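Encoded as structure tokens, the structure appears first; notes follow it.
What follows is calculated from the coordinates using simple rules that are stated; it is not laboratory data. All values reported here derive from a predicted model rather than from experimental measurement. Quick reminder, even Gly has a Cβ in these numbers, built from the backbone with ideal geometry, and neighbours come from all protein chains shown.
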Ligand SMILES: Cc1cc2nc3c(=O)[nH]c(=O)nc-3n(C[C@H](O)[C@H](O)[C@H](O)COP(=O)(O)OP(=O)(O)OC[C@H]3O[C@@H](n4cnc5c(N)ncnc54)[C@H](O)[C@@H]3O)c2cc1C
């Protein structure tokens, strides 16, 4: 069962400031602290540099879209590598989670996944972690992501679709070119794709810009959006700056930086 | 845990300075913060020590810089698994501020809070005795905004989410009070050598 929404977080003694946003959900301490075994069941290629890895995790306690987990691999000599990965799948995926990994040049963990891993392999993971970037599906959500930063946002889009939610949802996604756009075939009317290096016929090449953000904010629901920004730090800085400049309140921007 | 089939890891030299589960990020310094990087000029920056103190105090940028300089040279460790060796931060030891504000006998814990509203809790013992600094320089250059500039707290013995960026103050308490990430499932103390990552560790 997914963790439930909680508006009440413990009070803090910090002075009220305009930036801080509380977490959206309470996180299960037990799930966050327990390593569990996950069996790789399927690998799906998304782009030349990204693939989705599907795992059976019998003890999975559920998650909300936007949450991530920690994954670890162990070498013969006892060496352990652990990395955070966002969960791509929606909550209603009984006993399974999906991760989408970019193949990082020289990357220790993503390298193993992209060159060695095959169905039947076992890894360990713990989670779900962090209630901050989670989206229970309650408030209008404006999602902005680049590269593999679209992964937690896709979990939200899939959740929205699977539950037939009517709360407004928009996705602005940036990729180098159409062939690098993760989940390309799954996007619908909620999505605007922006291409930074090469674009299909008739589509301009460029970065996510003030005009994109202005259009989405102008087209916003009454009471405005809850904004979720995800990607590399450079992209997160750029996109969050555009949002602030366009008038989105800082305390309604959640950012997940992949490092 | 079982060995992962076909996983050897990257060739590595044994490094006793690396806490369990961490890797050497070398020249990388990943940025991890949940909020928008604030536009905070040194002239707007202040640092306050309040709560259970004999004298509540606030320092401006210039007043803080007039305190005896102190630097930290050593390693830092982030809960997302990277560690960074031999970094140098310069600023003022937190002891210099606390000595002037004088914590009362009841003070056992602190909440560090940022100009953004970010909070994190710490036992007072992790902040005193040359264990914590307010810093404005990284490697002899001004601390970049995305890393917490103009000034941040550093508590290098704990995971780096305790080292609040854009530090605004420290409030002394007679009890432990979880901060932002601690309310979001992270460990209350965050000692990298004991791998205190998440609540329950
Ligand atoms: C909350 C969160 C969620 C995330 N979600 C995702 C996700 O959904 N999908 C995704 O793809 N990523 C995600 N990431 C990033 C992910 O955690 C990893 O950082 C990424 O997969 C790279 O790990 P790696 O082991 O493959 O590369 P690493 O081995 O960590 O290497 C990273 C880079 O550093 C270089 N490098 C580092 N050390 C050395 C060394 N000793 N020698 C040589 N080169 C070195 C590598 O060449 C490479 O360019 C997320 C990160 C966070 C914090």
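Just subtract the alpha-carbon distance of residue A:77 and residue A:205 from 0.36 nm times their residue separation and send over the number in nm, one decimal.
Between residue A:77 and residue A:205, full extension yields an extra 41.3 nm.
Placing dummy labels 7 Å off each Cα toward the beta-carbon, the span from residue A:118 to residue B:105 is 7.1 nm.
Applying the Kirkwood pairwise sum to the alpha-carbon positions of the protein assembly as shown produces a hydrodynamic radius of 22.9 angstrom. For the range B:1-118, the alpha-carbon radius of gyration amounts to 1.44 times the rule-of-thumb value 2.2 N^0.38 Å expected for a compact globular protein. Taking 7 Å steps out from each Cα toward its Cβ at residue B:58 and residue A:41 produces label points 5.8 nm apart.
Would you work out the Kirkwood radius for the range A:139-226? I mean one over the mean of 1/r across all pairs of different Cα atoms, in Å. Intermediate values should be presented prior to the final figure.
Values: mean 1/r = 0.0741 Å⁻¹.
About 13.5 Å, per the Kirkwood formula over Cα pairs.
Distance from the C-alpha centroid of the range B:85-141 to that of the range B:148-175: 6 Å, rounded to the whole angstrom. Between residue B:128 and residue B:175, the C-beta separation translates, for a Förster distance of 25 Å, into a calculated FRET efficiency of about 0.90.
Evaluated over the Cα positions of chain A, the convex hull gives a direction-averaged projected area, one quarter of its surface, of 14.9 nm². Inter-part distance, the range A:166-217 to the range A:69-115, computed on C-alpha centroids, equals 26 Å. Only beta bridges with both residues in the protein assembly as shown are counted; by DSSP, about 70 percent of them are antiparallel.
A convex hull fitted to the Cα coordinates of the range B:92-198 yields 103 cubic angstrom per residue. Exposure proxy shown here: for B:78, A:230, the number of other Cβ atoms within 10 Å sets the order, fewest to most, as B:78, A:230. Cα extents for the range A:61-187 along the principal axes, largest to smallest and rounded to whole angstrom: 51, 36, 25. Once both labels are positioned 7 Å from their Cα atoms along Cα-to-Cβ, the gap between residue B:193 and residue B:15 label points is 1.8 nm. Where only DSSP H runs of four or more residues are counted, the protein assembly as shown gives -3500 deg cm²/dmol as its mean residue ellipticity at 222 nm, each run worth -39500 (n - 2.57). The order of B:162, A:118, going from fewest to most other C-beta atoms within 10 Å of their C-beta, is A:118, B:162. Size check on chain B: the Cα extents along the three principal axes, sorted descending, read 59, 36, 31 Å. Across peptide B:113-123, the average count of Cβ atoms from other chains found within 10 Å of a residue's Cβ is 4.
Could you list A:154, A:70 in order of exposure, starting from the residue whose Cβ has the fewest other Cβ atoms within 10 Å?
Ascending number of Cβ neighbours within 10 Å: A:70, A:154.
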